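Novice: Dumping the structure here so I can ask a few things about it.
Coordinate-derived values only; no laboratory data. Nothing here was measured: the structure is a model prediction, and the numbers come from that model. Positions of Cβ are backbone-derived with ideal geometry, glycine not excepted, and every protein chain shown enters the neighbour counts.
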Amino acid sequence: MEILKVSNACKYYGSRSNLTKAIDNISFDVLKGEFVAIMGASGSGKTTLLNCISTIDKVTSGHILINGTDVTELRGEKLNKFRREDLGFIFQDFNLLDTLTGYENIALALTILGKKPKEIDEKIKEAAKTLNIGKILNKYPYQMSGGEKQRVAAARAMIAKPKLILADEPTGALDSKSSRMLLEKLGELNKELMATILMVTHDAFAASYASRVIFIKDGKVFNELIRGSDSRKEFFDRIIDVVTLLGGDMNDAL
Amino acid sequence: MMLFKLSIKNIKKSFKDYAIYFLTLVLGVAIFYVFNAIDSQEAMLQLNETEKDIIRLMNEFLGGVSILVAIILGFLIIYASMFLIKRRKKEFGIYLTLGMGKRQVSKILLMETFIIGLISLIVGLGLGIIASQFMSIVVAKLFEADMSRFEFVFSFASLMKTVIYYGIIYLTLMIFNVFAITRYKLIDLLTAFKKGEKVKIRSLSLSVIIFLISIIILGYAYYLATNRLDSLDLFGFAIILGIIGTFLFFFGISGFILKLVQSNKKIYLKGLNIFNLRQINSQVNTAVFSMSIICLLLFFTITIFSSAWSINVSLKNDLVYGTPVDVLIASYAEDVKDVKSDILDEVGYSVDNFSGYVEGNTYGFEGVTVGVLLKPILEDALKDYPNLLVDNYLPVMKISDYNRFASFYGRDTYTLDDDEFILIADYAQMLEIYNKALEKGVIFKIGDKEYHNKYDEYKEGLLSMSGSKSNAGIIVVPDNIDTSSYATLRSYLAGNYKGDKEKAEEKFIKYRDDLSSLGAVSDTKLDIYSASTGLRAIMIFIGLYLGIIFLISSACILALKELSDSSDNKEKYGMLKRIGVSDKSLDRALFVQEGIFFMFPLLVAIIHSVFGIMCANIILESMSVKANMESILITALFIILIYGGYFLVTYITSKRIINER
């Protein structure tokens, strides 16, 4: 069953005489329980695409369906409700509230849904175990390392069991060790909890943790790779091949 | 020229954000002008010479207070502008990377300061001139004068004074600004926006302990201020404790509340409560010092203003009570028994000038002194009032004389048996011990006859006229007393003018010198009224002046803090919006946070004031001033108007900052 269906999505900027096509007629599906990475160089349109899917931005034309709901037609409180209940976000710069503890940052995603205190407490403890952040729950963001912050953010994103978790360059601000740990955790969330994850990245290493990679260049889908039964290393090599094919502008992918 | 353009652009760009700063500058200028232009009100009102003198005196008084006000406003303006510079560090950093020198950046800042200063001065003066037209209504009411005609009032002196004082303030500000810029390093300027204010997180249990200590200290200070007023040292101690307690209170309160709410998971884990609590906690923790100062300023405002108003109302009531007739003449000369025949006829002032008059004498006897009156409780009384003049004679008046005066004054008359007396008094400080003594029974001996008190309490009344209740006691005795042994004799004549009071007064005043050369003193109603009105007016105007300035200062500091926080918080609200919190909930969260932030110091100040006003009442009571609801209502109205206004502008501005993309 497809959780996300993007069909003929376009996003144009500028005027008729000076048109920039950030997204140019993109279509693809994400099935339930998939871990999909979208790769592309800076300026390829991948972040615009993610913004449109996450309803922060609006497409110029085309449709985006999440779990059967056309998000391009949602407005006002329905849109807010949809974001609260069906989407989870992980951002490059963590976006944790610096005045709240780890526990409170995660709890916020549930309190705004009006969940009961007991349920909130249980769910946070459970998520903390999965993401190995039990010890830092009572710390403030400024007392945590980057990796810890991102895992707290991941916990916040998945705690309400959203239909789709959207991750925007989640390893962008992490060192390699923390990146690896976070990606492994995302992989676990995907496999063990059947969480559907859509990750935008320009890092081939990060992409190699996904089950499928969609390459975007100049606002169009350029290629698609499916991991299948490959090991992560083999998948990584295949991704690098495509990146080489994509040309010089993706040199930073390594 | 380029620098000038840049300055203008900057001002335009940041104008909306710094509406509060501009508002404060304009209000400051306007208020400064209005209170220094009081003397220009003369033109619009029908005032007599004494009243004009009083207005001039008041103007001098307010001029003195203006120096204090200018210093306060100067500090406020420098504080606010330092605050704004901090927020623009990155912009200045970009100028520097573009190759501008620090000198040029300083020039831009100077230019901006100058332009903003000039605009606010002009707008403020305009507003001040308009407001000063309305001020006439207030002045007219205070002096109970008629607004003879509407006349446009303008005070050039006040205008010049405002310009000069503000010139000095802005000049100081410019020096500060230049200094601030040259101090910064480029790298700090460029990365300033990333650092923001350091998150101050305190141990919650420490906050709770500090909070509890502060409550104990404040409680003790309240106790000292209301129950131990006998000692000036303790009173000072109470004030110091109050200040320390206030600081500790703001240090601990938010942590305490957080801890309290955390223990109730149902409230804690509901909606945006976590966010609200943590935000308030961090806002209060980063502003402990300014919140305490603001709280104390608000406390002074409330106490000063409501006391000033109480004094005003009391003085007004006392005035009506204390001046029942137009003129009272008292002779202190020993051989005068009759004011009319011995004095008025002598100087040639005819009693035909009066529509009615009464005469009477008081006697001093060796056996009728303060000491004898207080004999039953003398030891206690001396403990409380060590300076009591026990040997002073209490004036003794025959009942028929007293009743004549009393009915002329429109007061109760009395009857007496042969061996009785009545104590007539109204001087608040003494009344309580008088009653205590009378309860025990007092006996006076005049000649060889004894007199005991008819009532076991004093009766309110007066003989001499005065702007405040100051009759320390008259002993009213039966007519048949033996007057042969008197030690002193005073004669009184009270009269009401015939026809036009002002003209009659003018005529009477001409005889005043002659009267006093014969040992007679005269008080007139108009005299006492003018003097009292002057005192009242000075009280009210100083209370208003300082009160408004204090209010504006505190509201402005809070508003600036909130606005700078909301630009920092933009990201946080953006994040919450992304995870699906509705705009409405976010607006409400902002309202709650800022509302509580504004309410905190005000609430504490109100609690302080309850005790402060209680304390002030005890002090004022000795001046026979009673607190009243009116004063408290008027104070509340002022605070809601100014403080609430600042809150609203802050809320609207920060809502705009947070919602802009």
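Novice: If one puts a single equal scatterer on every Cα of the range B:325-520 and applies the Debye formula without solvent, what log₁₀ I(q)/I(0) results at q = 0.08, 0.12, 0.15 Å⁻¹?
Specialist: At q = 0.08, 0.12, 0.15 Å⁻¹ the computed log10 ratios are -0.29, -0.63, -0.93.
Novice: Tell me, in nm to one decimal, what length is gained between B:ASN480 and B:LEU68 on full extension, where the rule is 0.36 nm per residue of separation less the Cα-Cα distance?
Specialist: Length gained, B:ASN480 through B:LEU68: 142.1 nm.
Novice: Only helical DSSP H runs with n ≥ 4 go in: add -39500 (n - 2.57) per run for the protein assembly as shown, normalise by residue count and round the 222 nm mean residue ellipticity to 500 deg cm²/dmol.
Specialist: Only helices count here, giving -20000 deg cm²/dmol.
Novice: What ranking do B:HIS608, B:HIS452 get, fewest neighbouring Cβ atoms within 10 angstrom at the top?
Specialist: Least crowded to most crowded, the residues run B:HIS452, B:HIS608.
Novice: May I ask for the Rg/Rh ratio of chain B, computed from Cα atoms with Rh as the Kirkwood radius, given to two decimals?
Specialist: Radius of gyration relative to Kirkwood radius: 1.10.
Novice: Here's something else I'd like to know. Taking one equal scatterer on every alpha-carbon of the range A:1-141, how large is log10 of I(q)/I(0) by Debye at q = 0.10, 0.13, 0.19 1/Å?
Specialist: -0.46, -0.74, -1.20
Novice: Kindly state, to the nearest 0.05, the FRET efficiency for B:ILE122 paired with B:ILE11, given R0 = 22 Å and r defined as their beta-carbon distance.
Specialist: The computed FRET efficiency comes out at 0.95.
Novice: Which of the three applies to the range B:1-196, rounded, prolate or oblate, going by the alpha-carbon gyration tensor with a ≥ b ≥ c and a/c under 1.5 meaning rounded?
Specialist: prolate
Novice: Sticking with this one: For chain A, rounded, prolate or oblate, judged on the Cα gyration tensor with a ≥ b ≥ c (square roots of eigenvalues), a/c < 1.5 rounded, else prolate if a/b > b/c?
Specialist: Verdict is oblate for chain A.
Novice: How far apart, in nm, are the 7 Å Cα→Cβ label points at A:SER145 and B:ASN317?
Specialist: 7.4
Novice: Going by how many other beta carbons lie within 10 Å of each one, how would you line up B:LEU518, B:LEU641, fewest first?
Specialist: B:LEU641, B:LEU518
Novice: Which of the lysines could a cross-linker span from A:LYS233 if the Cα-Cα distance has to be under 20 Å and same-chain partners fewer than 8 positions apart are dropped?
Specialist: Here the lysines satisfying the reach criterion relative to A:LYS233 are A:LYS177, A:LYS185, A:LYS191.
Novice: Could you put B:PHE4, B:PHE365 in order, starting from the residue whose Cβ has the fewest other Cβ atoms within 10 Å?
Specialist: B:PHE4, B:PHE365
Novice: Specify the angular offset, from 0 to 90 degrees and rounded to the nearest 10, of the alpha carbon long axis of helix A:117-131 from the longest principal axis of the alpha carbons in chain A.
Specialist: 60
Novice: How about the range B:253-343: which chymotrypsin sites (Phe, Trp or Tyr not before Pro) there are in a DSSP loop, with at most 15 other Cβ atoms within 10 Å of their Cβ?
Specialist: The qualifying sites are B:TYR332.
Novice: A further question follows. Taking loop as defined by DSSP and a crowding limit of 16 other beta carbons within 10 Å, which trypsin sites (Lys or Arg not before Pro) in the range A:1-101 fit?
Specialist: Hits after loop and neighbour filter: A:ARG16, A:LYS32, A:LYS58, A:ARG75.
Novice: Using only the alpha-carbon atoms, how far is helix B:49-87 inclined from the longest principal axis of chain B? Give it as 0 to 90 degrees, nearest 10.
Specialist: 20
Novice: Take every Cα-Cα pair in the protein assembly as shown and report what % of them are more than 57 Å apart.
Specialist: The proportion of pairs with Cα distances above 57 Å equals 36 percent.
Novice: Here's a follow-up. Quick one: helix B:273-285 against the long Cα principal axis of chain B, what's the angle to the nearest 10°, folded into 0 to 90?
Specialist: Taking Cα atoms only, the helix is inclined about 70 degrees.
Novice: Suppose a student asked you for the relative contact order of chain B, using Cα pairs under 8 Å spaced at least 6 residues apart; what percent would you report?
Specialist: Answer for chain B is 19 percent.
Novice: Moving on to the next point. Could you go through the range B:442-459 in sequence order and give the Karplus-derived ³J(HN,Hα) for each residue, using 6.51 cos²θ - 1.76 cosθ + 1.60 with θ = phi - 60°, rounded to whole Hz, and x for Gly and Pro?
Specialist: Couplings: 10, 10, 9, 10, 10, x, 10, 9, 9, 10, 10, 6, 6, 10, 8, 8, 6, 10 Hz.
Novice: Could you work out the equivalent-ellipsoid semi-axes for the range A:125-254, taking the square root of 5 times each eigenvalue of the Cα gyration tensor, largest first, in whole Å?
Specialist: Equivalent-ellipsoid dimensions as semi-axes: 28, 16, 13 Å.
Novice: First check a/c for the range A:1-84, with a ≥ b ≥ c the square roots of the eigenvalues of its C-alpha gyration tensor; if it is under 1.5, answer rounded, and if not, answer prolate when a/b is larger than b/c or oblate otherwise.
Specialist: oblate
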